[in-house]
Amino acid sequence: MPNLGDVKKYLADESGLATISTTQADGRVLSSIANCGVIDHSLTGEPCVALVSMGRAARLDHVRRGSQITIAIRRGWTWISVTGQADLIGPADPADGVDACIRAVQQSLLEGSSLLKIGASAGVDSAWGEIPTYSIDEVRAMTEVARAWGVQTAVHAMGDEAVRRSVLGGVDTVEHGYNITPDTLNLIVERRVFLVPTLRIRHNDASEWGKETFKVQLESLKRAHEAGARLALGTDSTGAEEGSVHGHGNAIEFKLMGEVMEPRDALVAGMKTAAEAMGLEDDIGTLEAGKYADVVAVRDDPLKNLDVLQHVEFVMQGGKVIKRP
């Protein structure tokens, strides 16, 4: 396990790569935090040292060697946004106009990215807002390049117009996606685009803005669930925020989704549908022969009380017992 000094030295030597994550040998990232600290990862029992930069994340070759924990670093996904938004969110790749968008995506793919994320909405002085930043043509140009390489496209978008443009432009998943009209919601359902509501960070925000935003998110999620949208659980968290450490903190997202749907539906969103949204449904997401034996167990029935997921007592990873009572 590298220490903080190793992280800093690597970043000083390798300017093009900016993430270290604890991963399984088959390429699944187990933990990734943004504050360069060591945490007790409550789902895996493994400590982690990591530095996450918004525009970069770890990607590993898909090589399985049992349940071995390894360290590897490689550019894995890229955030592309208009110039002003790129300045707001940190080291994103700025691109303005169709031609520049195509070049930015091509460059990121040549550098090894296995996921494209588009910043399609922003605020006046924040990446969090409902002002659309890309046209349908710009979004379509980026998704077509990514699709030709077999790479999925996610989008940071909220507010009706930004989400509508993103869906019409061909994205695979919409992150946040709240405050949209019934027409745009119907587009999401018709095109089978995954919607990732990301509730936890705003739930933890005690400001008036945070409270109001969370209320709107829940209302939007309720409508999406009733409309039959493909909902995947996601937290919008790097794990660095107070009270949001991965593992225990991730389980809070199940509880929040359970405020507007049955526990069974929340569990499906966080397991089966989440795996489908990542294109990993052949390996994870359900307990079936031929898939990885990744199992967690809790003392009580989560179908009756989703809070129990915050108290995992047993963990099997790749068929190897990592934690037991």
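The values are calculated or read from the model by the stated rules, or taken from the named source; none is laboratory data. All figures in this text were calculated on a predicted structure; none of them were measured in a lab. Quick reminder, even Gly has a Cβ in these numbers, built from the backbone with ideal geometry, and neighbours come from all protein chains shown.
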Within the stretch 201-213, is even one residue outside any loop (DSSP other than H, G, I, E, B) and either outside the structural domain of VAL268 (by TED's automatic domain parsing) or aliphatic (A, V, I, L, M) (or both)?
yes
Do we have any residue at all in the stretch 128-150 that's among the basic types (Lys, Arg) and crowded, with 22+ Cβ neighbours inside 10 Å?
no
Which residue pairs have Cβ atoms closer than 6 Å, lie 6 or more positions apart in sequence or on different chains, and pair a first residue in the stretch 90-111 that is on the phi > 0 side of the Ramachandran plot with a second residue that is assigned to a loop (DSSP other than H, G, I, E, B) and modelled with pLDDT under 95?
GLY90/MET54
Checked pairs for the stretch 257-282, first closer than 14 Å to PRO197 by Cβ and in the same structural domain as ARG200 (by TED's automatic domain parsing), second surrounded by 20 or more Cβ atoms within 10 Å (Cβ to Cβ) and among the aromatic types (Phe, Trp, Tyr), C-beta under 6 Å and 6 or more apart or across chains, list as ALA266/PHE254; GLY270/PHE254; ALA277/PHE194
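For (1) more than 18 Å from the chain's Cα centre (by Cα); (2) at pLDDT 95 or above, each residue gets a yes or a no:
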position	(1), (2)
LEU221	no, yes
HIS225	yes, yes
GLU262	yes, yes
ASP265	yes, yes
ALA275	no, no
MET278	no, no
PHE314	yes, no
ARG324	yes, no
Matching residues in the stretch 202-216 - criterion: being under 24 Å from VAL167 (Cα atoms) and surrounded by 19 or more Cβ atoms within 10 Å (Cβ to Cβ)
ARG202, THR213, PHE214
Pairs, first part of a loop (DSSP other than H, G, I, E, B) in the stretch 116-134, second among the hydroxyl-bearing types (Ser, Thr, Tyr) and buried (at least 21 other Cβ atoms within 10 Å of the Cβ), C-beta under 7 Å, six or more apart:
ALA120/THR133; ALA120/TYR134; ALA120/SER166; GLY129/SER121; GLU130/SER121; THR133/SER81; THR133/SER121
Is it the case that VAL145 is part of a strand (DSSP E or B) and within 24 Å of GLU276 (Cβ to Cβ)?
no
Scan the stretch 302-317 and report the pairs whose first residue is buried (at least 16 other Cβ atoms within 10 Å of the Cβ) and whose second residue is basic (Lys, Arg) and in a loop (DSSP other than H, G, I, E, B), with Cβ atoms within less than 7 Å and a gap of 6+ or a chain change.
VAL308/ARG299
Conditions (1) among the aliphatic types (A, V, I, L, M); (2) at pLDDT below 95; (3) touching a His at 6+ places or on another chain (Cβ under 8 Å): number failed by VAL151:
(3)
